[in-house]
Amino acid sequence: MIKLGVSGACGKMGSRIIELAVKEKDFQLIIALEARGHPKVGSLVQGIKISDNPEEIKNIDCLIEFTNPLATLEHLNICVKYNKAMVIGTTGLNEEEKSKVKDAARYIPIVFSPNMSVGVNLLFRLVREAARTLCDYEVKIVEAHHIHKKDAPSGTAKMLAEIIRKQTGKEITDIRAIREGEIVGDHRVIFDSPWDKIELFHSAKTRDIFAKGALVAARFVVKQKTGLFDMEMVR
């Protein structure tokens, strides 16, 4: 039984992770963590009192984190303090903040990915192969999300651009970010030449694909001693 904590428990992702986790026999929800001052702190979710005390991380095996960079780094330090595994789906971290995640992975196991979807991680592999093969093509990235998403371009779009840069040496400056309605998440990579155009496209229909992926990552990461992993490494 994996003793689970979910940070950002009242958010769109956190609430879905909790709802799916309690239906799984190998998870026991121990803490539902929210920001200090959140109006739902003290109320119940799936029989667990929502807490604003991150020190309760000491009682779990793994923390799933979908919040903001500031909260993520605070909880990262506490996970290191108590030697707890972590799954990080928070986006918008800058290079210095990512470096802190990398440093922490010397002491605890961490799965860190801008997108927990198994399908999107397949897209990463396909884009890597396409970039290797189509190295002379012009590349554009278009991503679309709901109007509430704070970072733009998305972490997934930045990851796609980084994959292409590593394969071709080209910086992808043409990333179009759309914020519209309640779009869960669309990502399109366009390889264009004078002779043809190839597009790779992934569209998320529901946030459950990210929630399910986060639970898969939690099952994986609690078996590791230390190290930094992405979703392509999760088996």
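Values in this text are rule-based calculations from the coordinates and carry no lab data. All values derive from a computational prediction rather than experimental measurement. As a convention, Cβ positions derive from the backbone with ideal geometry for all residues, glycine included, and neighbour counts pool all protein chains shown.
Note down the net charge around THR168, summing +1 for each Lys or Arg and -1 for each Asp or Glu among other residues with Cβ under 10 Å from its Cβ.
Within the 10 Å Cβ shell, the charges total +2.
Can you tell me the equivalent ellipsoid semi-axes for the stretch 102-200? Use √(5λ) from the Cα gyration tensor, largest first, whole Å.
Whole-Å semi-axes of the equivalent ellipsoid: 24, 19, 11.
Divide the volume of the convex hull of the Cα atoms of the stretch 1-71 by its number of residues and quote the answer in cubic angstrom per residue.
In the stretch 1-71, the Cα convex hull volume per residue is 78 Å³.
Using the Karplus equation 6.51 cos²θ - 1.76 cosθ + 1.60 (θ = phi - 60°), what ³J(HN,Hα) coupling, rounded to whole Hz, does each residue of the stretch 50-66 give in order, writing x for Gly and Pro?
Residue by residue, the stretch 50-66 yields 5, 10, 10, 10, x, 5, 5, 4, 4, 9, 10, 9, 8, 10, 9, 10, 10 Hz.
Normalised by the number of residues in the chain, what is the relative contact order in percent for Cα pairs under 8 Å and 6+ residues apart?
After rounding, I find 21 percent.
Among all the lysines, which ones have a C-alpha under 16 Å from LYS212's C-alpha, if same-chain residues fewer than 8 places away are not counted?
LYS12, LYS23, LYS25
Across the stretch 118-204, how many lysine pairs separated by 8 or more positions, or lying on different chains, have Cα atoms within less than 16 Å?
Summing the qualifying lysine pairs gives 8.
Can you say what percent of the DSSP beta bridges in the chain, counting only those with both residues inside, are antiparallel? Round to 5.
40
Putting +1 on Lys and Arg Cβ atoms and -1 on Asp and Glu Cβ atoms, find which of SER203, VAL45, VAL111 reaches farthest to the positive end of the dipole of the chain.
VAL45
Under a crude label model (7 Å from the Cα following the beta-carbon direction), how far is LYS49 from ARG132 in nanometres?
Those two pseudo-labels are separated by 5.4 nm.
For the chain, what is the Kirkwood estimate of the hydrodynamic radius, computed as the reciprocal of the mean inverse distance between distinct Cα atoms, to one decimal in Å?
18.4
All other residues with a Cβ under 14 Å from the Cβ of ILE57 taken together, and with Lys, Arg as +1 and Asp, Glu as -1, what is their net charge?
-3
Would the stretch 30-80 count as rounded, prolate or oblate if I go by the C-alpha gyration tensor, calling it rounded below 1.5 in a/c and otherwise prolate when a/b exceeds b/c, oblate otherwise?
Because a/c hits 1.5 or more and a/b fails to exceed b/c, the stretch 30-80 counts as oblate.
Of GLY8, VAL127, ILE147, whose Cα points farthest to the positive end of the dipole of the chain (charges on the beta-carbon: +1 Lys, Arg; -1 Asp, Glu; origin at the Cα centre)?
GLY8
Any chance you could run the full-extension gain for LYS205 through LYS23? It's 0.36 nm times the residue separation minus the Cα-Cα distance, nm to one decimal.
63.4 nm
Using only the Cα atoms, what convex hull volume per residue in Å³ does the stretch 66-148 have?
Cα convex hull per residue, to the nearest whole number: 132 Å³.
Below 8 Å, C-alpha to C-alpha, sequence gap of six or more: please give me the relative contact order for the stretch 4-67 in percent.
RCO, the stretch 4-67: 42 percent.
If the reach is capped at under 17 angstrom between alpha carbons, list the lysines near LYS100, excluding any in the same chain fewer than eight residues apart.
Answer for LYS100, where 17 Å is the Cα cut-off: LYS81, LYS84, listed by chain and number.
Using helices alone, what [θ] at 222 nm do you get for the chain, with -39,500 (n - 2.57) per DSSP H run of 4 or more residues, divided over all residues and rounded to the nearest 500?
About -10500 deg cm²/dmol.
Let me have the relative contact order for the stretch 118-204, percent, based on Cα pairs under 8 Å that are six or more residues apart.
Averaging sequence separation for qualifying contacts and normalising by length gives 38 percent for the stretch 118-204.
Select from THR168, THR156, THR91 the residue whose mean-square fluctuation is largest in a Gaussian network model of the chain (Cα-Cα springs shorter than 10 Å).
Among THR168, THR156, THR91, the largest GNM mean-square fluctuation belongs to THR168.
State to the nearest 20 debye the size of the charge dipole of the chain about its Cα centre, where the only charges are +1 on K and R beta carbons and -1 on D and E beta carbons.
Here the chain has a charge dipole of around 640 debye.
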